[in-house]
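Every read-out reported here was derived from the displayed coordinates using simple, explicitly stated rules and does not represent laboratory data. Computed from a prediction, not measured in an experiment: that's the story for all the values here. Positions of Cβ are backbone-derived with ideal geometry, glycine not excepted, and every protein chain shown enters the neighbour counts.
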Amino acid sequence: MYVSRDADKKSFVEKKDGTVIEADEARLRMPLFRKAVVELDQNTKIPVKEIEAYQNSEAYYRKIQGQFAPRIKKGLINMYLTQQTYQEWDAGPMGTNRMHTRTQIVYYLQKGDSAATEKFSPNVTRNYVQGYAPAMEFINVYDENKKKYKVWSYINTAATFGGLALLAAKGIDKNDNVTTAGYVGKGLFFGGLINGFVNKIHKARNYKNLELAIDTYNGQVIKKNRKS
């Protein structure tokens, strides 16, 4: 987050009307019974509702979905990190269901410092880096992997349910012994489950190619600076 700050400024507040107020330090203050403010140099207080973004000695923050999200990548394409909470029912013993609040990380992208932010996704990333061949190479790798993992997902699902069906139909003989078909069914069932889990890990790791596409796209600036 620190390296994604605006290096030419210490701290500042950018208001919604475009006004920028610089300072040596800025801190978000959220008093219990008063309105939240960003405090500049311990004396000037600006209401959060008037602020579009601010920077302090730790990070640059932009208001996204009602929260100040830190910028974790800076360049032609910026990336921000947000935390979103949601509620989920968990089944407990003897029907004791409980509602739990969980938190998930959601990333947002912004092409240009003044542009609107969009939720990080394969399609948004593809649109942002389109036209720059080195970055599109990683998008192509992502697409190829996605097709491969989708096929494996079908195979693993078929193996799991096929194994279960084989166990139910021919898994045990009249003497309650496990049949050859039963061993095959168990192998298919557990093999499908394990391979399905591994496939999910690979699908999650595939998103790294999208991040590499963004980094490569942002690297254009570095290359141009070196040439000049």
Surrounding charge for Val3, neighbours by C-beta under 12 angstrom, Lys/Arg +1, Asp/Glu -1, total +2
For Leu212, placing the label point 7 angstrom along Cα-to-beta-carbon and taking segment 113-143, residues whose amide nitrogen sits under 13 Å are 134-143
Taking a straight Cα-to-Cα line shorter than 19 Å from Lys49, and setting aside same-chain lysines fewer than 8 residues away, one finds Lys15, Lys16, Lys35, Lys63
If each K or R counts +1 and each D or E counts -1, the residues other than Thr101 whose Cβ falls under 12 Å of its Cβ total 0
Per the rule of 0.36 nm per residue minus the C-alpha distance, extending Glu25 to Lys148 adds in nm 39.3 nm
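Ser57 to Asp41: extension gain in nm, 0.36 nm per residue of separation minus the Cα-Cα distance?
4.6 nm
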Amide H proximity to Ser11 below 5 Å, modelled H, separation 5+ or other chain, gives Ala23
Over 29 Å (Cα to Cα) among Lys73/Lys203; Lys74/Lys147; Lys148/Lys186; Lys74/Lys208; Lys148/Lys170; Lys10/Lys111 -> Lys74/Lys147; Lys148/Lys170
Length gained, Ile155-Thr179, 0.36 nm per residue minus C-alpha separation, equals 6.3 nm
In nm, the gap between the two label points placed 7 Å beyond Cα toward Cβ at Val48 and Leu193 is 4.5
Residues meeting the amide H criterion for Lys73 (H placed from the backbone, H to H distance under 5 Å, 5 or more places apart or on another chain) are Met79
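May I ask for the net charge around Gln42, where only other residues with Cβ less than 13 Å from the Cβ of Gln42 are counted and Lys, Arg are +1 while Asp, Glu are -1?
On the way: positive: Arg27, Arg29, Lys45; negative: Asp24, Glu25, Glu39, Asp41.
Here the charged neighbours net out to -1.
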Taking a straight Cα-to-Cα line shorter than 18 Å from Lys119, and setting aside same-chain aspartates and glutamates fewer than 8 residues away, one finds Glu52, Glu211, Asp215
